[in-house]
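Data first, discussion second: the structure below is written as structure tokens.
All of the numbers you see were taken from the coordinates with simple rules; none came from a lab. Being a predicted model, the structure only gives us computed values, none of them experimental. As a convention, Cβ positions derive from the backbone with ideal geometry for all residues, glycine included, and neighbour counts pool all protein chains shown.
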Amino acid sequence: MVEGMIYILRTGCPWRDLPVVYGPWNSVYTRWRRWGQSGLWARLLRVVARGARGKLRCVDTSHIKVHQDASNPVGGQENQAIGRTKGGLNTKLSAWVEGRGRAVSLSVAPGQVHDISIAQTGVFPPLRGTITVADKGYDSDPFRTQLARKGSRSCIPPRYNRLRLVRWHRGYYRKRHRVENLFQRLKRYRRVGTRYDKNDQYFLGFVQLAAILDWLKSDFENTP
């Protein structure tokens with residue numbers, strides 16, 4: 001069953017085109033839907049994220065184009081994270097990564113929502129004793145206060161029009177590319193690089209599965 005789900009994640013093909021070697025496509029899809037509704041992938045990601053290393057936590061967002069199969073002209077509750085920008089329909093993926101660039105928290109939002117709004121309302125990973133690194137788009141006093149309450153120091157460069165100076169560490173900020181590297185790795189899976197799922201929960205489930213595989217691959221490559 002899981003092998004079939006990984007095949008769909010990697011190739012992005014429709015469920016009906018799943019090779020018979022993985023079993024009946026409708027059985028694999030039904031199991032995927034049930035696991036997604038139970039929150040299994042989110043729980044598994046939290047489990048592997050317990051191995052987070054280092055004090056740095058980087059946060060950023062990335063746009064994901066929405067395929068026409070995922071668009072729903074009627075609307076509805078299943079695609080609240082699909083928005084419209086100048087580039088058309090898209091979804092924003094927000095990710096927090098640990099010191100080695102592996103995901104510790106993921107969330108999705110409509111493409112037109114500002115990055116800072118997604119971070120403030122999304123799921124925070126455990127931050128006590130960490131340093132949060134982000135770009136100028138996250139330069140917000142309420143967000144800095146929110147991070148401080150969670151026990152994390154902020155390393156966010158100020159905007160050009162900021163009146164009150166803030167401190168930030170250039171050395172830590174150079175590590176911000178690690179969250180960009182995560183997006184690149186996740187988008188190698190076609191089911192993540194393009195959104196084919198109407199339902200937010202099912203799409204986020206594929207992103208979480210890709211992040212879990214990224215953790216497992218990293219651990220395997222670093223095993224003595």
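Here are some notes:
- Fluctuation leader among Asp60, Asp135, Asp197 - the chain, Gaussian network, Cα springs under 10 angstrom: Asp135
- Among beta bridges that DSSP assigns inside the chain, antiparallel share in %, nearest 5: 65
- Computed from Cα atoms, the angle from the helix 200-221 axis to the main principal axis of the chain rounds to 80 degrees.
- Most mobile listed residue (Gly193, Gly99, Gly171) in the chain, GNM with C-alpha springs under 10 Å: Gly171
- Cβ-based net charge around Ile8, under 13 Å, with every Lys or Arg adding one and every Asp or Glu removing one: +3
- Ranked Leu106, Leu216, Leu44, criterion: other C-beta atoms within 10 Å, fewest first: Leu216, Leu44, Leu106
- Taking label points 7 Å from Cα along the Cα-to-Cβ direction, Val47 and Val166 give a separation of 3.7 nm.
- Angle between the chain longest axis and helix 25-38 axis [Cα atoms, degrees, rounded to 10]: 30
- Of the cross-linked pairs Lys150/Lys198; Lys150/Lys175; Lys55/Lys92; Lys55/Lys198; Lys92/Lys175; Lys92/Lys150, those separated by over 32 Å at the C-alpha level are Lys150/Lys198; Lys55/Lys198.
- Pairwise inverse Cα distances across the chain, averaged and inverted, put the Kirkwood hydrodynamic radius at 18.4 Å.
- Highest-MSF residue in the chain out of Leu56, Leu163, Leu93 [GNM, Cα springs under 10 Å]: Leu163
- Extended-chain gain in nm, criterion 0.36 nm per residue less alpha-carbon gap, Lys65 and Lys217: 52.1 nm
- When each of Thr30, Thr132 is scored by the number of other beta-carbon atoms lying within 10 Å, the sequence from fewest to most is Thr30, Thr132.
- Nearest-ten-degree value, helix 2-11 long axis tilted from longest Cα axis of the chain: 70
- In the stretch 53-195, Cα pairs under 8 Å separated by at least six residues give a relative contact order of 27 percent.
- Least to most buried among Cys58, Cys155, Cys13 (fewest other Cβ within 10 Å first): Cys13, Cys155, Cys58
- Working note: Karplus 6.51/-1.76/1.60 with θ = phi - 60° gives the stretch 168-180 the couplings 8, 9, 5, x, 5, 5, 5, 7, 5, 4, 5, 6, 5 Hz, where Gly and Pro are set to x.
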